[in-house]
Each structure stands twice: as structure tokens, then as C-alpha cells.
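Before any comments, here is the structure.
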Amino acid sequence: MADRRRVNIPFGPQHPALKEPESFLLTLGGEKILAAGVRLGYNHRGIEKACEERTYIQDLYLVERVCGICSHSHSTCFVQAVEEIAGLQIPKRAVYLRTLIAELERIHSHLLWLGVAGHEVGFDTLLMYTWRDREVVMDLLAALTGNRVNYGMNTIGGVRRDITPEQAGQILTAMDVLEERTRYYIGVVTEETTLINRLSNVGKLSYDDAVHLGAVGPTARASGVDRDVRRDDPYAAYEDVSFKVITDTHCDVYGRAVVRVLELMEAYSIVRQLLKKLPDGPVTVKAPRKIPAGEAVGRYEAPRGENVHYVKANGTDKPERVKVRAPTLANVQVVAHMLKDGYLADMPIVVAAIDPCFSCTDRLIAVAHAEPRPPETLTWDELRTYGIDWYRKRGVDFTHLNRTFGNGAT
Amino acid sequence: MADEQTLQVQLVEKFPFLHEKVRIQRVRRMYAAVPAENIAEVFDHVVKEMKFSILCAITGLDQGETLGLQYHLARVSGEILTLLISVPRQQPVVRSVTPYFPAADVYEREVVDLLGFQVQGLVPGNRYPLPDGWPAGQYPLRKDWKADSLKQGGGKKNEVADG
């Protein structure tokens with residue numbers, strides 16, 4: 001008989017606690033997680049291959065759809081790499097507007113995260129509050145770009161939309177509103193004892209482990225790793241603005257919450273500085289359709305951490321290779337480490353604390369059949385048997401339990 | 001700019017075979033083509049002595065006769081050095097860099113799945129990112145691969161056959 005002190009629990013790919021498909025295989029000893037394995041790839045859509053078959057300008061829109069939350073981070077990272085290869089000098093105003101949208105995106109993403117974190121620990125009031133306030137920035141993004149997500153702001157050689165002085169005024173008003181609300185959230189995160197107790201010492205990640213395992217973004221900064229691409233490898237307009245890189249030494253989910261709420265304050269400050277210094281002039285330069293042969297590595301501090309794009313051009317209007325490394329791919333490997341020795345009940349918040357985005361991570365093939373064929377239909381029993389066999393092959397077998405409790409399955 | 005040139009000189013001094021192989025594209029961006037047989041010593045030196053302590057990503061390339069593998073290594077101060085090695089398409093064998101960077105695990109599984117690299121020293125584990133039932137010998141990011149190659153069907157049928 002199998003060791004009853006160790007139980008393997010499959011968690012996902014479809015699970016109510018997970019917002020996107022990913023699969024964890026947890027080995028439990030009682031309530032404690034003894035080991036955790038991660039299986040990704042359920043959102044693999046073949047985007048990198050698809051990029052090679054499309055023109056640069058088509059790719060820009062495709063790459064923007066790598067992720068629904070941090071869409072601007074992917075399109076900017078990609079377009080900056082293409083512009084570097086083409087040797088384009090982008091007008092200052094366009095660079096500022098790109099940075100502006102980037103920070104507005106960070107604000108909406110961090111507010112979204114705070115709500116999700118509240119929800120995962122049963123504090124749904126926080127979810128309702130933050131998501132209500134997030135609408136302020138969402139409305140702003142819709143007014144500036146025409147869309148709440150997938151802004152379509154970037155183009156090769158600049159940005160597609162300018163902003164009016166009235167819009168600049170609206171942005172500043174919105175920043176004041178959000179700053180006041182964020183002061184309240186800083187209070188909630190740092191003073192509300194229920195929240196502090198729930199988040200403290202959960203999902204521990206030491207400084208050494210964060211560095212060794214390659215954590216990025218707020219996840220790394222909450223373990224005291226002082227890294228931020230915006231400062232270390234500046235791009236867009238970040239050299240022209242001053243901001244603090246927020247770090248924290250709690251090394252747990254609590255620290256990750258603190259880092260994100262404080263980063264919101266920095267984002268408001270950056271937005272104000274950008275609008276104050278916003279240069280006049282055109283917002284785009286003419287870009288060639290064919291990009292000369294060359295290569296570039298683009299780096300971008302997305303809300304979730306360092307985003308990396310590699311683009312190789314071959315002189316045609318289509319890239320030779322596009323490679324995307326989204327921040328979650330770097331962080332998800334850290335999650336398995338954080339889960340170890342924690343409790344099963346902490347799993348949802350620990351996973352949520354890296355602000356995972358698995359559609360970014362997997363980015364790339366739904367197996368589309370090249371030739372149409374009749375769809376396969378499984379009956380409920382067939383599907384059930386298929387599922388049981390699938391898990392059995394991977395060492396998860398409930399046959400014994402099913403017999404004991406008389407479920408009838410074999 | 002001076003910093004990149006210093007790094008370039010240091011690299012060429014240590015490894016004369018890299019003479020004229022290290023290119024500075026712009027501030028903080030360097031590229032070096034390294035002979036495949038020397039990658040182990042260059043990688044070790046670059047990571048340990050030259051403080052390129054962050055692995056940003058690993059990119060696999062289909063270069064026709066050869067397959068290319070790029071390690072994008074960064075320093076805390078922001079410089080990125082991309083090391084390129086090329087291995088024969090028929091036998092694309094490379095060594096795993098997981099002893100240096102445990103996070104390289106999924107990056108290496110990705111080039112195994114999508115380009116057919118064989119990575120020595122990679123511990124057995126879940127594949128990434130293709131489904132478990134993906135047919136053997138199909139590498140989607142190779143240039144000669146088209147989605148038509150899948151007309152035999154992936155997914156469930158093959159998975160049952162594999163088992």
C-alpha cells in the first residue's frame with residue numbers, strides 16, 4: 001500500500017483557485033506541502049512562430065496580445081528592439097507618451113493585483129474597493145487610447161495618438177484621486193492586523209533564494225533584491241524622471257503587497273513628472289517597411305517584472321525570429337520553492353502573490369488541425385475514464401479511495 | 001561606453017579566440033559568437049568572474065545548417081552580453097546551464113520542445129511548453145516546420161499511443 005503520510009494532490013490545470021490554466025502537483029504530508037511540481041504550457045498559442053510569418057507591423061498587434069493585462073509592456077519591448085535594429089530616432093514626445101501609458105498600465109495592474117490578493121485571503125471588501133478605484137485609470141486609458149486593454153498606442157517609429165492639454169489635465173486630476181485612495185490602501189496593508197497576520201510568513205523567499213532562482217519584479221524586490229530595469233537599464237523616458245526603486249525585507253507575501261502599494265505612489269509621481277516635462281513636437285517618424293538585418297535584445301520593467309524580447313531581422317518585412325520571455329516564466333519557478341513547507345490553504349495567495357500571468361508565459365499552439373476533420377466527441381463516461389487514466393499514468397491514483405467509498409470507478 | 005569596451009578587452013584578453021568576435025551594438029548591449037567547444041569555459045568565466053550574474057533568457061535559432069543557441073546574460077549594472085553558439089542541425093547537443101542558473105530549467109526545456117535541442121545534464125521532468133501528446137520529431141520553431149506537419153493529429157490519440 002502507498003505511504004499514507006504522503007498524498008499527491010493535482011491542483012489544476014482547471015481549478016477554481018486559479019485564474020488561468022496551470023498545473024501543480026503537490027505532495028502533502030497532512031496539511032503541509034512537502035514538494036510542489038509545476039507544469040505549464042496550457043496557454044501555448046504559437047505566437048513566436050506566428051510572428052515569423054507576419055510583417056513587423058502585424059507582429060506589433062500580435063505581440064500586444066501576448067497578455068491582456070500588461071499588453072503595453074510587450075508591444076513596447078518589441079517595438080524598441082525593432083527600432084534599435086532599424087536605427088530609428090524616436091521623437092521625444094513619443095517616448096514620453098509611451099512611458100506615460102506604461103506607468104498608467106502599472107497603476108491598473110497593481111490595483112488589480114491588490115484586489116485579487118484581497119479576494120484570495122477572503123477580504124473581498126478590498127477587492128471591491130480597489131477594482132472600483134481601478135476604473136479611474138481604466139477610463140483614463142480608454143479615453144487616451146480608445147481601449148481599456150490592448151491600447152494599440154505603439155507603432156514602429158513612435159506612437160499612434162497624441163494627447164491634448166485637456167487630457168493632460170484629466171490625467172493629473174485622476175492621479176490626485178488615485179493617490180488619495182492609495183494612501184488609504186497603504187494604511188490597510190500596513191496597519192490592518194487581520195491582513196498583516198494572514199500575509200506574514202506566507203510564501204517565504206529569502207534574498208539568496210530570490211537571487212539564485214532568478215526572481216524578478218516586485219517578487220524579487222520584496223525579498224530585498226534591489227533591481228529594476230527602469231533604473232538599471234533605462235529605456236524610454238526613464239532617464240529623465242526620478243523615482244525610487246521600492247524594496248522590502250519581509251521576504252513574504254506581506255512584503256510583496258507593501259512593495260506594490262508603494263510602487264503605485266512612485267507611478268503617480270512619474271506620471272506627473274512626464275506631463276510636466278512633456279516636450280512638443282511630432283509623435284512619430286516614418287519607419288521603413290523592411291527592417292535591415294540585425295538583432296536586438298529589449299528589456300522592460302513590466303508590472304510583474306523584467307520582460308525580455310529578442311528580435312532578429314533578416315532584411316525583409318518579416319522578422320527572422322522573435323523571442324519573448326515574460327516575467328512570470330522567471331517567477332513561476334520560484335513559486336514551487338515558496339510553496340514548499342507551507343500549508344495547502346496558503347497555496348492560492350502564494351501563487352497570486354507573484355501576480356502570475358500564464359498567457360504571457362506560455363504565449364506560443366493550440367493544436368490546430370491543418371485539414372478539417374469531424375470533431376471528436378467524448379461521452380461523459382469516456383471523458384471521465386480518460387481523465388482517470390491520464391492521472392494514473394502520472395502516479396495519481398484514487399482507485400483505492402473510490403472502492404472504499406463506493407464510487408463505482410475502477 | 002567605456003565600460004563596454006573594458007569588458008570587451010577583458011574578454012578577448014582571456015580568450016584570444018574571441019578576437020573580433022565580440023561586438024558592441026550600443027551602450028549596455030554586447031554580442032559574442034563563441035565556438036561551441038569553448039562555451040563551457042567562456043560561460044563559467046563570464047558568469048563567475050565578469051559578474052554577468054543574471055540569465056535573462058535563452059533563445060534558440062534555426063540558422064539552416066546549424067541551430068543557434070543564445071544565452072542573454074546581464075550584469076546588475078544593466079549590461080547584457082549575448083553569447084551565441086552554433087551546433088550541427090543533425091546533432092544539436094549542448095550542456096545544461098542549470099548548475100549556474102536553476103531557472104534555466106524551463107528555458108532549456110523550451111528549446112528542447114520547440115527546436116529539438118538535446119540538453120545534457122537537464123534533469124528529467126515535465127516538458128514545456130508543448131502538450132504531453134505532441135508527436136515526436138516535430139519542432140515547431142524550425143523553419144521547415146509548417147502546421148501541416150501535424151495533419152496526422154496531435155492531442156489525445158498520440159498520447160494514448162505513447163502510453
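Key figures
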| read-out | value |
| --- | --- |
| Restricting the stretch A:23-55 to residues that are closer than 23 Å to residue A:352 by Cα and among the charged types (D, E, K, R), the residue that is nearest to the other protein chains (Cβ to nearest Cβ) | A:39 |
| Positions within the stretch B:41-73 being more than 12 Å from every other protein chain (Cβ to nearest Cβ) and either among the charged types (D, E, K, R) or closer than 27 Å to residue B:90 by Cα (or both), in sequence order | B:41, B:42, B:43, B:44, B:48, B:49, B:51, B:65, B:66 |
| Any hit, the stretch B:80-88, residues being crowded, with 21+ Cβ neighbours inside 10 Å, within 12 Å of the chain's Cα centre (by Cα) and not in a strand (DSSP E or B) | no |
| 1 or more residues at pLDDT 95 or above and aromatic (Phe, Trp, Tyr): qualifying helices (runs of 4 or more DSSP H) within the stretch A:1-115 | A:56-64, A:71-86 |
| Per-region count, the stretch B:22-76, residues part of a helix (DSSP H, G or I) and touching a strand residue (DSSP E or B) at 6+ places or on another chain (Cβ under 8 Å) | 7 |
| Count - residues of the stretch A:235-256 that are part of a helix (DSSP H, G or I) and in contact with an Asp or Glu (Cβ under 9 Å, 6 or more places away or on another chain) | 5 |
| All positions within the stretch A:196-234 that are in a helix (DSSP H, G or I) and aliphatic (A, V, I, L, M) | A:196, A:199, A:210, A:211, A:220, A:229 |
| Search result, residues across the stretch A:185-199 that are hydroxyl-bearing (Ser, Thr, Tyr) and surrounded by fewer than 14 Cβ atoms within 10 Å (Cβ to Cβ) | A:193, A:194 |
| Set A:346, A:341, A:317, A:280: member being in a loop (DSSP other than H, G, I, E, B), within 23 Å of residue A:204 (Cα to Cα) and out of contact with any strand residue (DSSP E or B) (no Cβ under 6 Å at 6 or more places or on another chain) | A:341 |
| Extreme residue, nearest to the other protein chains (Cβ to nearest Cβ), among residues of the stretch B:101-121 that are surrounded by fewer than 18 Cβ atoms within 10 Å (Cβ to Cβ) and part of a loop (DSSP other than H, G, I, E, B) | B:102 |
| Boolean, residue B:3 is charged (D, E, K, R), part of a helix (DSSP H, G or I) and closer than 30 Å to residue A:89 by Cβ | yes |
| Conditions (1) away from chain A (no Cβ under 14 Å); (2) touching a Ser or Thr at 6+ places or on another chain (Cβ under 6 Å): number failed by residue B:14 | (2) |
| Odd one out for residue A:216 among (1) within 14 Å of chain B (Cβ to nearest Cβ); (2) surrounded by fewer than 17 Cβ atoms within 10 Å (Cβ to Cβ); (3) of a type in the set (Val, Ile, Thr) | (2) |
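Yes/no matrix, rows are residues, columns are (1) among the charged types (D, E, K, R); (2) more than 17 Å from the chain's Cα centre (by Cα):
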{"site": "A:49", "(1), (2)": "yes, yes"}
{"site": "A:53", "(1), (2)": "yes, yes"}
{"site": "A:70", "(1), (2)": "no, no"}
{"site": "A:113", "(1), (2)": "no, no"}
{"site": "A:124", "(1), (2)": "yes, yes"}
{"site": "A:142", "(1), (2)": "no, yes"}
{"site": "A:146", "(1), (2)": "no, yes"}
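The values are calculated or read from the model by the stated rules, or taken from the named source; none is laboratory data. From a predicted model like this one, the values you see are computed outputs, not experimental measurements. Glycine also receives a Cβ, built like all others from the backbone with ideal geometry; neighbour counts cover every protein chain displayed.
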